[in-house]
Every structure is written in structure tokens, then in C-alpha cells.
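The structure appears right after this line, and notes come after that.
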Amino acid sequence: MDNAKLVFDGKEYELPTFIGTENEPAIDIKKLRDTTGAITYDPGYGNTGACKSSITFIDGEQGILRYRGYPIEELAGKLRFSAAAYLMLFGKLPTEKEFTDWSKALTQNSFIHSSQVNFLDHYPSKAHPMNILGSMVSSMSSFYPHDSEDEDHVNINIQRLVGQVKTIAAFSYRKSVGLPYIYPRTDHSYSANFLRMMFASPAEEYVVPKVMEDALDTLLILHMDHEQNCSTSTVRMVCSSMANIYASISAGINALWGKLHGGANEAVLDMLTQIHQDNGDYMKYVNMAKDKNSNFRLMGFGHRVYKNFDPRATLLKDIVDRVLEEMGIHDPLLDIAKNLEEVALKDEFFIQRKLYPNIDFYSGILYRALGIPTEMFTVLFAIGRMPGWIAHWLEMRQDPDLRIQRPRQIYMGPTLRHFEPDGTLM
Ligand code: CMC
């Protein structure tokens, strides 16, 4: 591809270009400030490629999502979460032996340090589980040495993070309802272990319903990575200062919590519940979302990258229908969600702005069917996203272009002025 030409302040500059493996063209502006004296202005980074990555490909116009080259439709519902996590982290599907060894290693490293359990015990009973998760992961760097770049050392930290995130999540739920903790077992899959730790009684055997185990695997895989989203970019930002893996991932968990990002799944369910209590008057909420004088947004709608259907939402909608039918559940919130979707997709406001349901629109209804309480929804997102965050952390550490991330700004504040001390501020 030819160089790009930029005319700026009467002078012409040539900027190198390159093209990604899926033909996405890019202009390399690394030397822009040095040669022109100018910087770019791109709030929200909608036009900024912060790195080269070989993990996940998204085509937002076509509604395409691929992990390591594989379409999401060929992975979700077709393999266990731990096999997909292996693909995400190591770039290839595991052999049967690798899958068995890896799954076992994840369970063996999923026990929380007993001092950390004491730490968890002392959170207020109403603490939000996302807050507990973020700070428990952050505190893992106090319990495990973390600063070695040695491959075995990095690998064990990865196993601890993927293994323990579900244990911390389940324990925070058990603590909130005053139930004793249940520990994972090597003869259970990742998702089966999580469901058992959430819902089993220590007094009797708990058989994990297969429909629930499969649905959870699918949900977690659908959430596994989404290239440079807010939380992943946060992980990369923190990693760029050479912060340790636990500090970087904990920052990502906190970024995920916001309701415009992972927190949207909880916000969607709150919205659907509110509409249900409001006699199912969903049109009132559609109109509120369109009203420029209201701050209300239809939660679970819209996406920075997808300007067509979010393929994860399309898959989820089918799965929700199937699982609810199999479990014999009729959820009035699902009817409201479908009505909202139907109206919004025909409405000029949503059509013009290309606002389609995103992954968070239907995920909450499925979590609810699995018996997961609403405040745990974003925690489930974090469990699914963990291998993705770590894959980006690993990729970044090996990136020859790695520099500390440090955006610039265009200063718009007061110009030079002077302070004349009169003693009143001493
Ligand atoms: N309801 C009503 N209007 C909306 C919505 C919505 N959900 N989303 C965007 N808009 C409007 C917005 O008001 C703006 O209108 P106008 O051009 O007239 O000012 C236009 O669409 C563009 O919106 P934007 O805020 O510039 O878009 P963005 O790319 O910065 O934001 C978003 C993307 C996902 C934050 C946003 O669509 C949103 O707030 N959605 C609701 C929250 C949500 O569901 N988040 C989950 C995202 S998917 C999972 C994840 O990433 O975690």
C-alpha cells in the first residue's frame, strides 16, 4: 500500500501505511509529532490502534468475531471453557492430553490461600462481589511471588488467576448468604465446579445439571475476549508500566465493573425488572431512551464496534430460548426483552444510530435461569474474560513495540498567570 499523504500547515508529509492480516489498513503516525509538531485528537480512541494483536478479530460492520482465527459460532457450545481458555492463552487448541492436564492444573491451583479466605471473611456482608473480586485479585500479589519472567513462574500465575477467579466469585456469594464454602474437585469441569461451589450443600452429593454446565461454558466462552475494549485496554495500560500480572488484571476487573461496559448486564436486568414492575410498559422506556433531555439509555443496546448485530447476542438469544425451554422456565423478563428488541429495531432513532442488542442484553436472563443472583452477573463476565485479559498481558510482554502507554493531551486551560501571596492561604 502507498504511503499516506498529509497536508498540514501548508506542508505535505508522507506517513507510512501497513495492512493487517484481515486487510484492515492503518496509517503509522509514530513519527507524526516529531515531523509535524502536531498530535492527533481522538477522544474514546475510536480511531486509534494502540497495538498490533493476533488474538481476536472483529469486523463490526459484518458482525464477525473470531478467537485466534476460529469463528465464535464454531467455538461457543462446542468445547469446554478450559479448552477455549487454552486456545485463547496459547494460540492453539489443546490435544486431548493437554486438555486433561491443563484442566487438572486449573483445579489444583484454584484453592485460595487460607489467609486470603480470612481476608474475604471480613468484607461487609453487603459488599459488591465485583469490589471483592478486584481487591482479592490485587492482593494475590502479596500472597504469591510475581516478579519473575521465568516461563514456569508465569504459567503458574496464569493457572492461579484462571483457577481462583471462580473460587473467589463463588466464595463471595456463599459469604453474602452465610453458607459454608465448597471447594473444587478435579473430576469436575471448570463450569461444573463453579456451579457446585455456588449451589451445593456440604451435607449431600450435588449433581450438576448438564444443561446448566453446558450453558455456563457457552456464556463464559462468548465473553472470553473482545480485543481492545475498556477493561483489556486497562490491563494493557497497567502492564505497560511493568506492573505485575495481578495488579494489571485487578485494574481490568475494576474497569469492567462500569455500567457502560461489563456492568451493563446487571443494569439490563434492573431495567427489565423495573419495566415489569411498571406494568410491562416498555414503550415508555423506548421513548425515554430517545428523549435528548433524559440521560436514560436502553441498557444492553449499542456498541462502539458493532454497527450490525453483535454475533454474541445472536447466539445467546437462541441459547436462552433453548435453555429456558429445557429447564421448564417461563420468564416474563424475556418477553419484555423481546418486545423491546422488536420495537427498537424498527425505530428510526435506533436504525440511524445502528443500535442493536449487545451481549449484555440477553446474558442476564440466562444467568437468572441458572440461579445466579443479579449482583454476580458482572463477576461472571470477569470469569469468562480472565483468559482474554491474560492473553493480552502475555502478548504485550513479548511485543517488540512495547513502550509505556502515555497518551498526550491538548491543553485548553488558563495560559500563564501569577499568584501574589497575601498570607491568607498560609
Ligand atoms: N440507548 C439509547 N441511545 C443510545 C444508546 C442506548 N443504549 N447507545 C448509544 N446511543 C446513542 C447516543 O445517545 C448517541 O446519540 P447522538 O448521536 O444523537 O448523540 C449515539 O447513539 C452514539 O452513542 P455513543 O455514546 O457515542 O456511542 P459509544 O460508541 O461511545 O458507546 C456504548 C457505546 C456501548 C457505551 C453505548 O452504546 C451505551 O451506552 N450502551 C448502553 C450500555 C451497554 O449496553 N453497554 C454494554 C456494551 S457491550 C459489552 C461490553 O463491552 O462490556
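The values are calculated or read from the model by the stated rules, or taken from the named source; none is laboratory data. Note that this is a predicted model, so its numbers are computed, not measured. We place every Cβ from the backbone using ideal geometry, glycine too, and count neighbours over all the protein chains shown. Ligands, DNA and RNA are stripped out before the accessible areas are found, and what is left, the full protein with its side chains, is counted by its heavy atoms. Shrake-Rupley method; radii C 1.70, N 1.55, O 1.52, S 1.80 Å.
Here the condition is being in contact with a helix residue (DSSP H, G or I) (Cβ under 7 Å, 6 or more places away or on another chain), within 30 Å of Ile58 (Cβ to Cβ) and more than 16 Å from the ligand (Cβ to nearest atom); of Thr232, Thr218, it holds for Thr218 alone.
Determine, yes or no, whether Val207 is in the same structural domain as Ser103 (by TED's automatic domain parsing) and surrounded by 15 or more Cβ atoms within 10 Å (Cβ to Cβ). Against the criterion (in the same structural domain as Ser103 (by TED's automatic domain parsing) and surrounded by 15 or more Cβ atoms within 10 Å (Cβ to Cβ)), Val207 does not qualify.
Within the stretch 342-363, how many residues turn out to be away from the ligand (no atom under 12 Å from the Cβ), free of Cβ contacts under 8 Å to residues at least 40 places away in the same chain and either in contact with a helix residue (DSSP H, G or I) (Cβ under 8 Å, 6 or more places away or on another chain) or among the hydrophobic types (A, V, I, L, M, F, W, C) (or both)? Number of matching residues: 1.
In summary, Ala83 fulfils each of the numbered conditions (1) open to solvent by 50 Å² or more (accessible area, probe 1.4 Å); (2) more than 24 Å from Gly258 (Cα to Cα) with the single exception of condition (1). State which residue is nearest to the ligand (Cβ to nearest atom) when the search covers only the stretch 312-329 and only residues that are in a helix (DSSP H, G or I) and farther than 15 Å from Ile72 by Cβ. That would be Val320. The one condition from (1) modelled with pLDDT of 95 or more; (2) within 25 Å of Ala215 (Cβ to Cβ); (3) of a type in the set (D, E, K, R) that Asp331 does not meet is (1). For the stretch 22-31, a residue qualifies if it is free of Cβ contacts under 8 Å to residues at least 24 places away in the same chain and either open to solvent by less than 60 Å² (accessible area, probe 1.4 Å) or not hydrophobic (A, V, I, L, M, F, W, C) (or both), and the qualifying residues are Asn23, Glu24, Ala26, Asp28, Lys30, Lys31. Taken over the stretch 290-311, residues that are surrounded by 22 or more Cβ atoms within 10 Å (Cβ to Cβ), near the ligand (Cβ under 10 Å from one of its atoms) and outside any loop (DSSP other than H, G, I, E, B) amount to 1.
Criterion first (within 14 Å of the ligand (Cβ to nearest atom), closer than 30 Å to Ser138 by Cα, out of contact with any strand residue (DSSP E or B) (no Cβ under 9 Å at 6 or more places or on another chain) and open to solvent by less than 20 Å² (accessible area, probe 1.4 Å)) does Leu256 satisfy it? It is true that Leu256 is within 14 Å of the ligand (Cβ to nearest atom), closer than 30 Å to Ser138 by Cα, out of contact with any strand residue (DSSP E or B) (no Cβ under 9 Å at 6 or more places or on another chain) and open to solvent by less than 20 Å² (accessible area, probe 1.4 Å). Taken together, Asp225, Asp217 contain a single residue that is under 22 Å from Ser110 (Cβ atoms), buried (at least 21 other Cβ atoms within 10 Å of the Cβ) and in contact with a strand residue (DSSP E or B) (Cβ under 8 Å, 6 or more places away or on another chain), which is Asp225. Checking each residue in the stretch 384-426 for being hydrophobic (A, V, I, L, M, F, W, C) and without any contact (Cβ under 8 Å) to a residue 40 or more places away in the chain picks out Met412, Leu416, Phe419, Leu425, Met426.
Let's see how each residue does on (1) within 19 Å of the chain's Cα centre (by Cα); (2) free of Cβ contacts under 8 Å to residues at least 24 places away in the same chain:
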{"site": "Ser54", "(1), (2)": "yes, no"}
{"site": "Arg68", "(1), (2)": "yes, no"}
{"site": "Leu75", "(1), (2)": "yes, no"}
{"site": "Leu89", "(1), (2)": "yes, no"}
{"site": "Ile132", "(1), (2)": "yes, no"}
{"site": "Met140", "(1), (2)": "no, no"}
{"site": "Pro145", "(1), (2)": "no, yes"}
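Among the residues making up the stretch 196-213, a single one is in a loop (DSSP other than H, G, I, E, B) and touching a His at 6+ places or on another chain (Cβ under 8 Å): Val208. Take the conditions (1) surrounded by 18 or more Cβ atoms within 10 Å (Cβ to Cβ); (2) within 16 Å of the ligand (Cβ to nearest atom); Met198 misses just one of them, which is (2). Going by what's in this entry, would Asn287 be described as over 29 Å from Asp150 (Cα atoms) and either within 12 Å of the ligand (Cβ to nearest atom) or at pLDDT below 95 (or both)? Here the answer is yes, as Asn287 does meet what is asked.
Taken over the stretch 382-410, residues that are of a type in the set (Lys, Arg) and within 28 Å of Ala84 (Cα to Cα) amount to 2.
Look at Lys92 and say whether it is open to solvent by 20 Å² or more (accessible area, probe 1.4 Å), among the basic types (Lys, Arg) and in a helix (DSSP H, G or I). When the stated conditions are applied, Lys92 does not pass them.
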